[in-house]
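Here's the structure we're looking at; comments come further down.
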Amino acid sequence: MKKKENSQEQVEKIQKGQKQINKNSRGITLIALVITIIVLIILAGISMNLVLGNNGLFTKAQEAAKNYQTAQNMEVAEIEELEKIIPSKAIIELKELKVGDYIEYYSGANGKITCRVLYPMDSEYGLQIISDQIVSKLTLKTDTWEIARDTYNNLLEILNGKTEEYINTNYVTDARCVGSIPTVENGKFVDKNKSKDESGSYIDETKTYLLPDNYATQEVLDGSNDTKCVLADENYKIDEQQLKDNDLYIIKDDYYIGSRQMFTEWRTFVGTCFACRHINIQNSIVTSDWLCRIKDDGQVDLRDPSLEFGIRSCFLLDTNKAKVIDGTGKLEDPYILGM
């Protein structure tokens, strides 16, 4: 009987011990889980700091990209400086360039421009190349009568000034908008900002311009027959003939030509229109678009919205510095200019 009681006691002790072990195990497991979570949180914080911190991977990647771009810009600048110092070997003479040959022209900050030879070296206008597409677009302002009139009067300076932004001083001496006068003296376009046969203000003594009383103008034209708008010109005809003769006239965009025009009728309008000319690719003709106009009764109209077309540049090459250093002159392999 005692043996039976002892056996029972032993079983109870064993069961009690197992319960204690299970209890301790659960306690250890919970502590281990908490510690694991804490460690993971710490590791996650460290990882995020490594990626997103001030010295993290993203920051370092951005710095690396910036440093790469800086190094690339420095390399381009160094190459340009070397081009000024180290003479290039010409593959052909400039005098061998023919009208229509393709030229890869580097305009500095404005990048590469594909051009064509417009006038050869032995022409009376020197060696000129013309951009084969527009180099940019330009809006001519017409906010008030005074602004519109000044835009018309200063049209050549505005258009030619825009083209001068694309001069590479290494081997180009001057630039102009196509359609302006191409006459050259001492490496400059001497008449590019002038109108052919320009002789001052437009005066029609048969008309008297009486502006409406409610027109907000700083300049009173009541009773005057002088609009203070310069005369029309035919500057564009020199370039136009050369462009047409050599199949260089039409490109994929409409573009300004450096020439003014005045006309007296436009659809239902009868009066005096002050306009600029451009090449209309749809009709393959020179088209005039008015900037401002005055009816015979003095009514003033302004172009709205302001006029916008492309700029096509002509560059005068410095034949003492420019050299053809590569290429074949074809569209797929243009001549490359160097020094």
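Quick look at the numbers
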read-out: Amide H partners (placed H, <5 Å) of GLY329, local residues excluded; value: TYR335
read-out: Calculated FRET efficiency for the pair MET48/LYS141, C-beta based, R₀ 56 Å, to 0.05; value: 0.60
read-out: Rg over Rh [alpha-carbon atoms, Kirkwood Rh] for segment 94-338; value: 1.04
read-out: FRET efficiency estimate (nearest 0.05) - Cβ-Cβ, LYS188 to LYS295, R0 45 angstrom; value: 0.65
read-out: FRET efficiency estimate (nearest 0.05) - Cβ-Cβ, GLU96 to GLU124, R0 25 angstrom; value: 0.85
read-out: Subset of LYS89/LYS321; LYS112/LYS244; LYS98/LYS323 violating a 18 Å alpha-carbon distance limit; value: LYS112/LYS244
read-out: Derived scalar couplings ³J(HN,Hα) [segment 139-155; Karplus, 6.51 cos²θ - 1.76 cosθ + 1.60; whole Hz; x for Gly, Pro]; value: 9, 9, 7, 9, 5, 9, 4, 5, 5, 4, 5, 5, 4, 5, 5, 9, 3
read-out: Residues listed by number, segment 165-184, amide nitrogen under 20 Å from GLN241 label point at 7 Å toward C-beta; value: 177-184
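Every read-out reported here was derived from the displayed coordinates using simple, explicitly stated rules and does not represent laboratory data. Model, not experiment: these values are computed from the prediction. Quick reminder, even Gly has a Cβ in these numbers, built from the backbone with ideal geometry, and neighbours come from all protein chains shown.
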